[in-house]
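The values are calculated or read from the model by the stated rules, or taken from the named source; none is laboratory data. Every value quoted in this text rests on a predicted model; they were computed, and no experiment measured them. Glycine gets a Cβ as well: all are built from the backbone with ideal geometry, and neighbour counts include every protein chain shown. Heavy atoms of the whole protein, side chains included, go into the accessibility calculation; ligands, DNA and RNA do not. Shrake-Rupley method; radii C 1.70, N 1.55, O 1.52, S 1.80 Å.
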Amino acid sequence: MSKTRLHESELPMRSRERSVHKGHGNGSSFTGRERKDKGAEFAALAASRMQPGDDPVHSLLYHRALGELATLIAHEIRQPLSAIVTNGETSLRWMSRDDLNAEKVRNLTSRMVASARRANDIVQRILDMAADDAPRHIPVDLSDVVEEALLLVRHDLESEGIELSLLIARPSPEVLGDRIQLQQVVVNLLSNSIQAIAQVRCAKRQVSVSVEAQPETSAVTVAVRDSGPGIPDSLRDCVFQSFFTTKAGGMGVGLALCESIVVAHGGTIAASNHCEGGALFSVSLPALSDEVCAGRSAVPSAGA
Amino acid sequence: MPNPPVIAVVDDDEAMRLALSELVEVLSLTCRDFDRAEAFLAAYEPQVFDCLITDLSLPGMCGLELQRKLHALGSSMPIIVVTATSNPMLRTRALENGAFAYLEKPVKDKVLVGHIMSALREGEAQV
């Protein structure tokens, strides 16, 4: 409760999401209370920049804010699209009239162009907003990242009755990266595993996470394995594609986002099936220092 | 020739407001548009408007409130709601309050025109 209030009190400091709401003149499409409420929730997300903590309220707020944000963007973009549809249909009506009014059609057409540009501007502002949160690359211990990510999905693991197996040796080699983005990668992989298990009634409900130094490649690998149905061979190549999903109501952005974050960090991400069943996702990132990595083999092999 | 029916459009989104106005005009009807519910109420007088097309989410007074205000003023002018909000509860509320139709954006012109025409016929029958 106090945590929620804390985020709201930080709102004035983080007002960049307002730019998304700015319409054209009085043509802004989000209004009054509704606009403020939705903005506030997203601001709560932005303001906290997803510092996880172990507060379930915060975790809930974060997931809700993402949903609210999607609704807000959909609403915002639907306005100019609706105007384009109506102007287009009105143009067609003019053109089928005997007293075709070329001037009208020209006006309607330029308005359609303006609305299409506006829709594109909205998309661009959302992209800019994401870019504003420029990644801050600092030395990060992936074990910390994994543990923080686990706090965010702990409730989902518990409510699905999933057993967690964690293989981490500390301290593990550091990588250079944005802590929040890397957390996002691990959270997405974990959520994916949890959902894979939730989809089927399997007796074994387990997620294994390991952080392992790879001295031979000077990399650190985070592996997330689940006891779900695994990835059908025919889909192996698609899992990282945007908007690919097998989930009802899924957006298909989670794994695509993971891949783009990992690639931006100079790393690799791979999806496979474990020989004993279930899907295995592994993320490898370059270790910050070769010496650190070479000096240590963090954990016994996690069975990758 | 009698004056063409007057349709009021209330939408705070300028592009959408103009688009709806143009659609009304291509039907050879007269349109007056307003960016807020309050502006429309200020211009409202019985028998001036034959039909109202309004958005629900508006700055200040919302579409549902406008509907109630008009009802309280004794207006029987048909109200067509056109909104980007797909919320079944709002739909139910608007229709219960006597909305003539509830349409979601993007609206199909044939559907909207059909509702405008039958709203006008109904209004005529009442006179």
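Taking beta carbons within 10 Å but only from partner chains, what does the mean come to for residues A:70-82?
Taking the mean over all residues of the peptide, I get 4.
Counting pairwise Cα distances across region B:63-127, what percent come out greater than 18 angstrom?
For region B:63-127, the share of Cα pairs beyond 18 Å comes to 39 percent.
Counting each DSSP H run of 4 or more residues in chain B as -39500 (n - 2.57), what helix-only mean residue ellipticity at 222 nm follows after dividing by all residues, to the nearest 500 deg cm²/dmol?
Numbers: 5 runs with 57 residues, N = 127.
Roughly -13500 deg cm²/dmol at 222 nm, from the helical runs in chain B.
In nm, to one decimal, how far is the modelled label at B:S76 from the one at A:C202, with both set 7 Å along Cα→Cβ?
6.7 nm
Summing both sides, how much accessible area is buried between B and A? Use a 1.4 Å probe and give Å² to the nearest 100.
2300 Å²
Once you sort the root eigenvalues of the Cα gyration tensor of chain B as a ≥ b ≥ c, which label holds: rounded (a/c under 1.5), prolate (a/b larger than b/c) or oblate (the other case)?
Here chain B falls in the rounded category.
Tell me, what % of the accessible area of chain B is carbon and sulfur with a 1.4 angstrom probe?
54 percent
Using per-residue counts of other Cβ atoms within 10 Å, averaged over each peptide, order B:109-118, A:207-216 from highest down.
The peptides rank, most packed first, as A:207-216, B:109-118.
Roughly how many debye, to the nearest 20, is the charge dipole of chain B about its Cα centre, given +1 on each Lys and Arg Cβ, -1 on each Asp and Glu Cβ, and no other charges?
Taking the Cα centre of chain B as origin, the dipole is about 360 debye.
With +1 assigned to the C-beta of every Lys and Arg and -1 to the C-beta of every Asp and Glu, and no other charges, what is the dipole magnitude of region A:77-158 about the Cα centre in debye, to the nearest 20?
Computed charge dipole of region A:77-158: roughly 940 debye.
Return the average number of partner chain Cβ atoms within 10 angstrom of each residue Cβ along peptide A:143-152. Can you show the working numbers first?
Values: counts 0, 0, 0, 0, 0, 0, 0, 0, 0, 0.
Shielding by partners across A:143-152 averages 0.
Taking each residue of B:19-30 in turn, how many C-beta atoms of other protein chains fall within 10 Å of its C-beta, and what is the average?
5
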